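Before any comments, here is the structure.
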Amino acid sequence: MKKFDKERLLLALAGPVIALVAAMVLTSVVLLASGKSPIEPYTLMFEQATYSDVQVLIINEAGMYYLAALAVAIGFRMNLFNIGVDGQYRLAAMVTAVVGAHVSLPSGLQLPLLILVAMLTGAFWAGIAGVLKTTRGVSEVVATIMLNAIATSLIAWLTLDENFGVPVGNNQTTGVMHKSGWFPGIDMGASGEIYGFVILAVVAGVLYWLVLNRTRFGFDLRATGASQSAAAASGVNAKRMMLTAMVLSGAVAGLAGMPILLGDVHTYSLSFPTGLGFTGIGIALLGRNNPVGIALASLLWAFLAKASQALDYEGYDKEIAVIMQGLIVIAVVVSYEAVRRWGLKRQQQRVGEELAAAARAQHNGTNDSVKEVAAR
């Protein structure tokens, strides 16, 4: 491996590794300050991860995290902060659940229909922020935060009894979806079932990498995110790319709730998972917007979420995992900036060394020419 490639690999790994180590050290300090063992919680969580049923839970949770993080990463690559993934996936899940409960087609048609509905709903909701950004200059952060609140109110209204709500005990649901819309899972016996939609999450990651790194559209998107003026000079319509990126981000966000909706609960209710969108932000940061990095970060986040549930039984607060997740996000921002500055310094040193080498070569070449003229 060339020296330059080794440095690039080191820069890619340094940020996440520093962030994880820093988060673990700071979490241990918190545990010590509260009079708890700084080591035992980690031992307990790793022990939980050896159980096959917990592994199934981690994989299922990671699949949802992965799709949410991919949606955030698409915006990041365009230099857009789509903080509205949370509202986009919840609204998409609710609308999909309603369609699944009221439309019955053969599985070969029902499942594609539900997936399309989820993607279109998420794309539409994110597209509102995209239109406001490109036509009125409204910050996508402000727009998507407001749209999250609107989505919450809209979901509450649509799930009222007089609309699409179906009360089940103390819970308000949208009714059970027709079985033709249930996505088949992978049976793991007594350990449970892995959501079949996790496979589609992997496919989404592959498509994300191919589109961004092997297509002209992906190049234009990354170029516009790096410099709008430079992209415009090369003929790229920056506003159109912004809108397209927001729509694509929303479409992927719409899929984030599908693993559990189509693979487990088969209805949208008050107990439907929330907060995936905000979790996806931390995962995308830790994974550096790379599909493999995001996959590893998703597994880590799912591990912390599921393996920490056993801490209650041992006298520890399971919120330890939440503290660690928050510290990881903070450490990621700090460590990535430190690594970026170090990489920039190394690049400047390398350029200086190359210029010095070129100057020496030119000087030596001049001396040889003088010697040759003198010899004549």
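The values are calculated or read from the model by the stated rules, or taken from the named source; none is laboratory data. Keep in mind it's a predicted model, so treat the numbers as computed, not measured. A quick note on method: Cβ atoms are made from the backbone with ideal geometry, for glycine too, and the neighbour counts reach across all protein chains shown. Calculation scope for accessible area: heavy atoms of the full protein, side chains included, ligands and nucleic acids excluded. Shrake-Rupley method; radii C 1.70, N 1.55, O 1.52, S 1.80 Å.
Report the residue count in region 136-147 for those that are in contact (Cβ under 8 Å) with a residue 12 or more places away in the chain and surrounded by fewer than 20 Cβ atoms within 10 Å (Cβ to Cβ).
Narrowing region 136-147 to residues in contact (Cβ under 8 Å) with a residue 12 or more places away in the chain: 140-141, 143-145, 147.
Those left that are additionally surrounded by fewer than 20 Cβ atoms within 10 Å (Cβ to Cβ): 141, 145.
Residues meeting the conditions: 2.
Determine whether region 266-283 contains at least one residue that is within 20 Å of residue 14 (Cβ to Cβ) and assigned to a helix (DSSP H, G or I). Give the derivation first.
Residues of region 266-283 that are within 20 Å of residue 14 (Cβ to Cβ), as a first pass: 282-283.
With assigned to a helix (DSSP H, G or I) added as a condition, the list becomes 282-283.
Within region 266-283 (the criterion being within 20 Å of residue 14 (Cβ to Cβ) and assigned to a helix (DSSP H, G or I)), the answer is yes, since at least one residue qualifies.
May I ask you to list the residues in region 149-165 that are surrounded by fewer than 20 Cβ atoms within 10 Å (Cβ to Cβ) and within 23 Å of the chain's Cα centre (by Cα)?
149, 150, 152, listed by residue number.
Give all pairs with beta carbons closer than 7 Å in which a residue from region 161-181 that is farther than 17 Å from residue 273 by Cα and among the polar types (S, T, N, Q) meets a residue that is assigned to a helix (DSSP H, G or I) and open to solvent by 70 Å² or more (accessible area, probe 1.4 Å); count only pairs at least 6 apart in sequence or on separate chains.
Cβ pairs passing all conditions: 163/157.
Conditions tested, residue by residue: (1) hydroxyl-bearing (Ser, Thr, Tyr); (2) open to solvent by less than 70 Å² (accessible area, probe 1.4 Å); (3) assigned to a helix (DSSP H, G or I); (4) at pLDDT 85 or above.
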{"site": "316", "(1), (2), (3), (4)": "yes, yes, no, no"}
{"site": "322", "(1), (2), (3), (4)": "no, no, yes, no"}
{"site": "330", "(1), (2), (3), (4)": "no, no, yes, no"}
{"site": "339", "(1), (2), (3), (4)": "no, yes, yes, no"}
{"site": "344", "(1), (2), (3), (4)": "no, no, yes, no"}
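Looking at residue 247 and the list (1) within 19 Å of residue 201 (Cα to Cα); (2) modelled with pLDDT under 95, which single condition is not satisfied?
Residue 247 satisfies every listed condition except (2).
Conditions (1) hydroxyl-bearing (Ser, Thr, Tyr); (2) part of a helix (DSSP H, G or I); (3) under 19 Å from the mean Cα position of the chain (by Cα); (4) surrounded by fewer than 24 Cβ atoms within 10 Å (Cβ to Cβ), marked per residue:
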position: 46; (1), (2), (3), (4): no, yes, no, yes
position: 63; (1), (2), (3), (4): no, yes, yes, no
position: 68; (1), (2), (3), (4): no, yes, yes, no
position: 76; (1), (2), (3), (4): no, yes, yes, yes
position: 79; (1), (2), (3), (4): no, no, yes, yes
position: 104; (1), (2), (3), (4): yes, no, no, yes
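What residue, among those in region 129-144 that are of a type in the set (Val, Ile, Thr) and farther than 14 Å from residue 86 by Cβ, is farthest from the chain's Cα centre (by Cα)? Explain how you work it out, then say what you get.
Step one: of region 129-144, the residues of a type in the set (Val, Ile, Thr) are 131, 134-135, 138, 141-142, 144.
Filter once more, keeping what is farther than 14 Å from residue 86 by Cβ: 131, 134-135, 138, 142.
On the way: 131: 23, 134: 24, 135: 27, 138: 24, 142: 20 Å.
Among residues in region 129-144 that are of a type in the set (Val, Ile, Thr) and farther than 14 Å from residue 86 by Cβ, the one farthest from the chain's Cα centre (by Cα) is 135.
Scan (1) assigned to a loop (DSSP other than H, G, I, E, B); (2) in contact with a helix residue (DSSP H, G or I) (Cβ under 9 Å, 6 or more places away or on another chain); (3) among the polar types (S, T, N, Q) for the single condition residue 50 breaks and write down its number.
Of (1) assigned to a loop (DSSP other than H, G, I, E, B); (2) in contact with a helix residue (DSSP H, G or I) (Cβ under 9 Å, 6 or more places away or on another chain); (3) among the polar types (S, T, N, Q), only one is false for residue 50: (2).
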